[in-house]
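See below for the structure under consideration.
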Amino acid sequence: MTKTVKTTVAGLLILAAIALGALYISQGSAEASPVTRFERDGIRVEIRSPDRPIAALRESRFTITLQDANGQPIRRADLKMVMFMPKMYCGDFVAKIDEVAPGVYDAVGVLPMRGNWKAELKMKIGAQAATVAHYFKTV
Ligand SMILES: [Cu+2]
């Protein structure tokens, strides 16, 4: 092989390793957990599932807590949470969100099927935007 070809092959192998690593991380985090925590740029997010079990075809109430870097509640955040089943096409379900205490938001929805679900919380706080994934199971 010429030096250029060797360099190209090495570069491709590194890219493949990075891609596989990213895949591994995204699968590793896709496990149902009662609480998801996320922090970035002075915004702390916690998404908490309802007390288990989460029943399909019943109202499910998730709790979202938003705080700034000093632990102060973030009020009147622009939040949208969509719930869907990864790898299925049974639909997107938008939670109804209400701020029930300063910085504490209820996200309520009805899920139609038993199985593995993903909630995607999109938030806009001032000039910042973030999306946080929360995984859960219905029974
Ligand atoms: Cu489904």
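The numbers here are math on the coordinates, done by the rules we state, and not lab data. Computed from a predicted structure; not experimentally measured. In this analysis, Cβ positions are derived from the backbone assuming ideal geometry, glycine residues included, and neighbour counts consider all displayed protein chains.
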May I ask you to say which residue of T65, T138 is of a type in the set (S, T, N, Q) and within 14 Å of the ligand (Cβ to nearest atom)?
T138
Number of the exception - E31 against (1) farther than 11 Å from F136 by Cα; (2) touching a Phe, Trp or Tyr at 6+ places or on another chain (Cβ under 9 Å)
(1)
Looking only at region 110-135, and only at residues there that are away from the ligand (no atom under 16 Å from the Cβ) and without any contact (Cβ under 8 Å) to a residue 40 or more places away in the chain, the one that is surrounded by the fewest Cβ atoms within 10 Å (Cβ to Cβ)
A127
If we keep just the residues of region 84-109 that are in a strand (DSSP E or B) and over 19 Å from K124 (Cβ atoms), which is farthest from the ligand (Cβ to nearest atom)?
A101
Which of the residues spanning region 35-69 are within 14 Å of the chain's Cα centre (by Cα) and basic (K, R)?
R37, R40, R44, R48
